[in-house]
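Here's the structure, in structure tokens; my notes come after.
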Amino acid sequence: MLGRATVKPAYVATPFGQLRYWHAGSGLPLVVLPGLILGASVRARQCAAEFGDRTVITPELPGIGGSADTSGDGMEGAAQTLAAAWQALALDDAPILAYDLAAPLALALHKALEGRPCALFAADLELARGWAASGCRTPDLTPRPDGTHLTALWAHLRDRHLLDPRHPTLPAAIGAPLPTDAELDETLVAAATRPERYAALWNDCLAAMADLGDADSSTVLEDIPMPAMIDKRLAELAVKAQPPRELRHAARPARTDEVWCDYVETPAGHIHVRRAGDAPRALLMFQSAPGSTAPLTPIIEGLGTIRSVYAPDFLGNGRSDKPKYPKTDIPALARDALTLADTLGLETFDLWGTHTGACVALELAILAPERTGRVVLEAPPLLPPGFTADILANYLPPLKPDRWGLHLQQAWNMRRDMFLFWPWYRQDRAAVRKLGVPDAQLLHDWTIGLLSSGATYDRSYRAAFEYDTQARLPLLTRPAMICAGPADMLVEGLKLAERIAPPGTVVTPTPATIWYPGQMPTAVAETLTLYRDFLGGRT
């Protein structure tokens, strides 16, 4: 049953940034600090199954995954962020269950809550004490040009489950079941979102383990090694607990001019949305496959000055749920977007999409012309049939979590080679691109975007190459701009677009592809002006 319990992702806004958390159940609340060897999403599923009679709330620790970075503030800063989320969610005197190295963080949280009478429990505390005794710090996780920092992180996480914490050359003969390859991959993607922050939190908590032996700590933190014992103590506490209440939806921050995140629950699944702006008119923005909308952040912010921007990760990509339908195609992605608009209460909207997202925007405009205003299609795929067939055969190899982390090098080098060749698998001089390899940090971010999509990364990608853009484009009836920057590998499609686009469509090159690395600031600003002018009806 473990891993099958339904958990729901959400965000809560704090003065220090947003915190992502998972919740499940409807009983008395239990707050789980997930520790540092399993991702919060994995731990949330386990605890939701283990404590099914409670509302289990599992925050992703600050600086990890989708939670805000509290850089430079150490464990105290992390505790302050958690305390602010606690207050926003009105968790009152909910008990706290802290796993492994989160135990000292639970004490810091208790202090930040100013002595609120919430019970503190620790699980896997002996693991954490063993790591502290053996000085088990993280390896250097600074992004490296060859991607081997991801392999080092994978080995660090896997070995914490495999090895005896006090004798780290020996395998541990007892302990919790080992995580699956997929669970370990899920954990790595969260930890590697900002690997330097994960390392800092690990090392801060490791150092703080020395304080857990003093008298004050031992009277506050109760070490309960068995889930059944925790259940018994929780039942004793339930007599004094307040009646359960529905969790508040508190994702929206005070400032909306910067990008913020939300989850929208739709019949198709939980869709992760990056948002900006507070204008009366909405703009739906669609990504290029295979990662998430994170690279679109400068465009989301740039157009958030004139629109309320909603940029969803496709189902199967980024932080959205995996799709429930067996095959992904562009019409399915367009219907998902329309369902999202319905759920958000958006009666009408403008559209902006790039590459795969351009196909989705085009199909949505055809599907719901009465709700669509203006449409920007950046570099829609308009490729010769033979080239498309070659791409479908070679561009999208399976990407599956591997026991030894071999898939990490596959993902890294696929992403790297996309900057070197078009298509990336055609390793010859005639296929070289002039983009250049980005720095290790940016390449790291793009690789984590790919890994966050996991085994379904290829579904939206494949849908774009299977979509008959050439046949669908003439059916567009809304005012549209078709464009591409000079470095875009699909820029040649503008020539065909000029011939087949409906009359009145603006077909034009742009000075930049804003979400590409290495774009000149003046070119980015000019491109944003073109978008704003078109969406405002001035061109």
Please verify whether D146 is more than 26 Å from R252 (Cα to Cα) and either modelled with pLDDT under 95 or assigned to a loop (DSSP other than H, G, I, E, B) (or both), treating the condition exactly as stated. yes
The stretch 271-323 - residue that is basic (K, R), touching a Leu at 6+ places or on another chain (Cβ under 8 Å) and farther than 20 Å from A365 by Cα and, of those, least open to solvent (accessible area, probe 1.4 Å): R274
Only one of C136, C118 is open to solvent by less than 50 Å² (accessible area, probe 1.4 Å) and closer than 30 Å to Q87 by Cα; which? C118
Might you check whether a residue that is basic (K, R), closer than 18 Å to R144 by Cβ and at pLDDT 95 or above occurs anywhere in the stretch 420-438? no
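Yes/no matrix, rows are residues, columns are (1) in contact with a Gly (Cβ under 8 Å, 6 or more places away or on another chain); (2) in a helix (DSSP H, G or I):
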site	(1), (2)
G373	no, no
L382	yes, no
N413	yes, yes
P438	yes, no
S453	yes, yes
Just to be sure before I move on: is D181 of a type in the set (D, E) and open to solvent by less than 30 Å² (accessible area, probe 1.4 Å) in the structure I sent? no
Of the residues A250, A268, which single one is modelled with pLDDT of 90 or more and open to solvent by less than 70 Å² (accessible area, probe 1.4 Å)? A268
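Yes/no matrix, rows are residues, columns are (1) closer than 22 Å to L105 by Cα; (2) assigned to a loop (DSSP other than H, G, I, E, B); (3) touching a His at 6+ places or on another chain (Cβ under 8 Å); (4) open to solvent by 40 Å² or more (accessible area, probe 1.4 Å):
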| position | (1), (2), (3), (4) |
| --- | --- |
| E126 | yes, no, no, yes |
| W131 | yes, no, no, no |
| D140 | no, yes, yes, yes |
| T151 | no, no, no, yes |
| D159 | no, no, no, yes |
Restricting attention to the stretch 384-409, which residues are over 22 Å from the mean Cα position of the chain (by Cα), surrounded by 12 or more Cβ atoms within 10 Å (Cβ to Cβ) and of a type in the set (D, E, K, R)? D390
Evaluate the following for P502: is it under 29 Å from I391 (Cβ atoms), without any contact (Cβ under 8 Å) to a residue 60 or more places away in the chain and surrounded by 15 or more Cβ atoms within 10 Å (Cβ to Cβ)? no
Which numbered condition R20 misses (of (1) closer than 21 Å to A208 by Cβ; (2) of a type in the set (K, R); (3) surrounded by 24 or more Cβ atoms within 10 Å (Cβ to Cβ)): (1)
Tally up the residues in the stretch 147-166 that are under 23 Å from the mean Cα position of the chain (by Cα) and not small (G, A, S), please. 9
From the list T477, T469, T447, exactly one residue is open to solvent by 10 Å² or more (accessible area, probe 1.4 Å) and β-branched (V, I, T). Which is it? T477
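The values are calculated or read from the model by the stated rules, or taken from the named source; none is laboratory data. Owing to the predicted nature of the structure, the values given are computational and were not obtained by experimental measurement. A quick note on method: Cβ atoms are made from the backbone with ideal geometry, for glycine too, and the neighbour counts reach across all protein chains shown. The protein model used for the area step is the full one, side chains on, heavy atoms only, and it has no ligands, DNA or RNA in it. Shrake-Rupley method; radii C 1.70, N 1.55, O 1.52, S 1.80 Å.
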